[in-house]
Structure formats: structure tokens, C-alpha cells
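J.: This structure is in C-alpha cells; I'll ask about it shortly.
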Amino acid sequence: MTISQAMTDSRASIRAMKQQDIAEVHDIEKLCQTAPWSQSHFENEVNEIGVSEPLVAVIRARVAGFIVVWYVAREIQINNIGVHPKCRRQGIGRILLSEALRFGREKGCDAAHLEVRQSNTSALHLYKAAGFQQVYLREGYYSDNLENAIVMKKPSLAL
């Protein structure tokens, strides 16, 4: 199964992000982030074939969430993830993260990394439940409010 083939879990299907998804993805990004990516940033991710693998979760033909992941040097870097506030607490973030990690295993990746705001307890819970461990703290990492980032690593993608 490739990343572009749909994976279904209850109501959400996961597929590769397409150009026509970007407006909805950007709307979700603005609802989720205090310093949101621009629409052109998402366009660049969709066009960065071979490195970036942006995915969307779709429910009833609407984008409910997204994840942007890079696969570089046998490692996964999770760059961005967001779920529409009306679709939270339904497992969509977990499904997106699981699919990104599954595809990383298929590509031969050994580990995964991410940064998360220290105050984002929901995301921290998601990542810890997926096997990520805190590696260190990046002080003043986020430019909008100088909040610290917790750098996390999932040391093995083995099942």
C-alpha cells in the first residue's frame, strides 16, 4: 500500500494532500496555530516530491486534519499537524500520525523527530502515547511568543 492509497479508520480516510486541499488545510492551520504557515508554504510542501509527504484526513469530502512530514536520511521529521477544532477527540491526529509512521517504516526510516510547544498538552499526550520520548528543551523556540519547544524522538519505528 502506498501513501496515496486511502486508509480508513471509522469515518476518516487518509490520503496524500493535493493542491485542491490547500485552502481547507490553511483554514485549519489558522485555527490551530498561533503562528500559522502561509498558504504558499503548504503549496511548496505538496510540490516537494521525494522529501515532503503531506497527508490529509478526509471526512465526508471535507478535510478534517493534516500532517506534513519529511523523510530524510532514514528519519522522519514531523513538521506540522492540525485537526479542525470541530473534529478533535475523534482519533484523527492519532490516525494521521500512525499513517506517517507506517509509511516511514516502509521507506526504511529508523526514527522520528518533532518539536512541540511546551504548553500543548493534547499534542504531548498524543506523541507520548505513540512512543515519543522527550529529548531536550529548546528555549524560546517559537518566534510568536518565545515559548519553549520540547524536542521529542521516537527511537524505533519497529512494530
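The values are calculated or read from the model by the stated rules, or taken from the named source; none is laboratory data. Just so it is clear, the model here is predicted, and its values are computed rather than measured. Note: ideal-geometry Cβ built from the backbone for every residue, glycine included; neighbour counts use all protein chains shown.
J.: Given the condition of a type in the set (Val, Ile, Thr) and part of a helix (DSSP H, G or I), answer yes or no: does some residue in segment 70-78 qualify?
T.: Taking every residue of segment 70-78 in turn, none turns out to be of a type in the set (Val, Ile, Thr) and part of a helix (DSSP H, G or I).
J.: Among Gln90, Gln133, which is touching a strand residue (DSSP E or B) at 6+ places or on another chain (Cβ under 8 Å) and within 21 Å of Ile14 (Cα to Cα)?
T.: Sole residue among the options that is touching a strand residue (DSSP E or B) at 6+ places or on another chain (Cβ under 8 Å) and within 21 Å of Ile14 (Cα to Cα): Gln90.
Per-residue answers, yes or no, for (1) surrounded by 15 or more Cβ atoms within 10 Å (Cβ to Cβ); (2) at positive phi; (3) more than 14 Å from the chain's Cα centre (by Cα):
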residue: Ile49; (1), (2), (3): no, no, yes
residue: Ser52; (1), (2), (3): yes, no, no
residue: Ala61; (1), (2), (3): no, yes, yes
residue: His84; (1), (2), (3): yes, no, no
residue: Ser119; (1), (2), (3): no, no, yes
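J.: Report the residue count in segment 91-113 for those that are of a type outside the set (S, T, N, Q) and part of a helix (DSSP H, G or I).
T.: 14
J.: Tell me, yes or no, whether segment 98-111 has at least one residue that is in contact with a helix residue (DSSP H, G or I) (Cβ under 8 Å, 6 or more places away or on another chain) and surrounded by 15 or more Cβ atoms within 10 Å (Cβ to Cβ).
T.: No, segment 98-111 contains no residue that is in contact with a helix residue (DSSP H, G or I) (Cβ under 8 Å, 6 or more places away or on another chain) and surrounded by 15 or more Cβ atoms within 10 Å (Cβ to Cβ).
J.: What's the number of the only condition in (1) within 18 Å of Leu157 (Cα to Cα); (2) among the polar types (S, T, N, Q); (3) more than 16 Å from the chain's Cα centre (by Cα) that Ser98 fails to meet?
T.: (3)
J.: While we're here: Does segment 129-148 hold any residues that are within 16 Å of the chain's Cα centre (by Cα) and either surrounded by fewer than 13 Cβ atoms within 10 Å (Cβ to Cβ) or closer than 21 Å to Trp37 by Cα (or both), and which are they?
T.: If the condition is that a residue be within 16 Å of the chain's Cα centre (by Cα) and either surrounded by fewer than 13 Cβ atoms within 10 Å (Cβ to Cβ) or closer than 21 Å to Trp37 by Cα (or both), then Ala129 is the only one that fits.
J.: Among the residues in segment 129-136, are any among the aromatic types (Phe, Trp, Tyr) and in a loop (DSSP other than H, G, I, E, B)?
T.: Checked segment 129-136: at least one residue is among the aromatic types (Phe, Trp, Tyr) and in a loop (DSSP other than H, G, I, E, B).
J.: Is it true that Ala129 is modelled with pLDDT of 95 or more and of a type in the set (A, V, I, L, M, F, W, C)?
T.: no
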